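Asks: Dropping the structure in here first, questions after.
The values are calculated or read from the model by the stated rules, or taken from the named source; none is laboratory data. The structure displayed is predicted, hence computed values, not measured ones. FYI the Cβ positions are ideal-geometry reconstructions off the backbone, even for glycines, and counts take in every protein chain you see.
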Amino acid sequence: MITAQLVKELRDRTGISMMDCKSALVETNGDVDKAIEVLRKKSVLKAEKKSGRATNEGSILVGHGKNVSFIVEVNTETDFAAKDQDFQKFLELLKAHCIDSEPSNLDQLNEEFKQPLLDIIQKIGENIKISFYEKMEIKDGNISSYEHTDGKLAALVKLSEKDETLGKDLAMQIAANNPLAINSDQIDEKIILKEKEIALATLENENKPDDIKEKIVLGKINKFKQENSLLDQAFIKNPDQKIHEIISGNSILEIMRRKVGE
């Protein structure tokens, strides 16, 4: 006989619905351990069915391990699920795993964390994906981070010299202004060419000499580079200063930024 106490025990151990727990116990003649195996197998099937559904919401995690700092993005179908208590516990578990094991890449993380991911999909009933994992080596630098209060935006910055205040300010700058590179020379040439193409298209029907058009395009490209180069951006706390003016002999070695859905 499948008692209410058995169902409750299985529910407490798995977090899965009472109906599914009872069904698994019936299938295994009341054996709780075997019922857990059944539920795990079914969770894989259910997760596979959900895998094609869009995941446009989610959360961003930042963590600092012994050798690396990292950013992880986990996507959900709805913002409601992203705020779920079980999902938040899953994020804490995922962060702890990344700190302890420091996976080499996203594929390895997904492989190592496959079962907890399947478990949370089963509990919440939505498609959930670990879609982004990048790390920054702590060696030969000092890393600072910024996490927005909504849990959907974060940034890392690595400085040559330790300066906690500067590091936090720069991480916030990167999160807010989304620079494409540390300096203008590092901006992808393909992006620059695309911007030039757009600028030329806007002048196509204007009756101006070619040399004037060229100067206008050059001006737009230079402005684009300044706006998207961290060192050339205006400091968000004091727009009268450029970032290169506030680093005071320090060097920005590496930057990273992630926003949910980008």
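Asks: Between a first residue in the stretch 158-185 that is surrounded by 19 or more Cβ atoms within 10 Å (Cβ to Cβ) and a second residue that is among the aliphatic types (A, V, I, L, M) and part of a helix (DSSP H, G or I), which pairs have beta carbons less than 6 Å apart while being 6 or more apart in sequence or on different chains?
Replies: 179/230; 182/230
Asks: Looking at this structure, is residue 70 crowded, with 20+ Cβ neighbours inside 10 Å, under 17 Å from residue 154 (Cβ atoms) and assigned by TED's automatic domain parsing to the domain that holds residue 130?
Replies: yes
Asks: Could you pull out every one of the helices (runs of 4 or more DSSP H) wholly within the stretch 1-100 that has 2 or more residues that are modelled with pLDDT under 80, touching a Cys at 6+ places or on another chain (Cβ under 9 Å) and over 26 Å from residue 148 (Cβ atoms)?
Replies: 4-14
Asks: Shifting gears a bit: Kindly evaluate residue 216 against the criterion of being touching a residue at least 24 places away in the same chain (Cβ under 8 Å) and touching a helix residue (DSSP H, G or I) at 6+ places or on another chain (Cβ under 8 Å).
Replies: Answer is no for this residue.
Asks: Let me ask another. Kindly list, by first and then second residue, each pair from a residue in the stretch 248-262 that is not assigned by TED's automatic domain parsing to the domain that holds residue 76 to a residue that is basic (Lys, Arg), limited to pairs with Cβ atoms under 7 Å and residues at least 6 apart or on different chains.
Replies: 253/158; 254/158; 259/152; 260/152
Asks: Filter the stretch 196-246 for residues that are polar (S, T, N, Q) and buried (at least 16 other Cβ atoms within 10 Å of the Cβ); which is nearest to residue 178 (Cα to Cα)?
Replies: So, considering only residues that are polar (S, T, N, Q) and buried (at least 16 other Cβ atoms within 10 Å of the Cβ), the one nearest to residue 178 (Cα to Cα) is 228.
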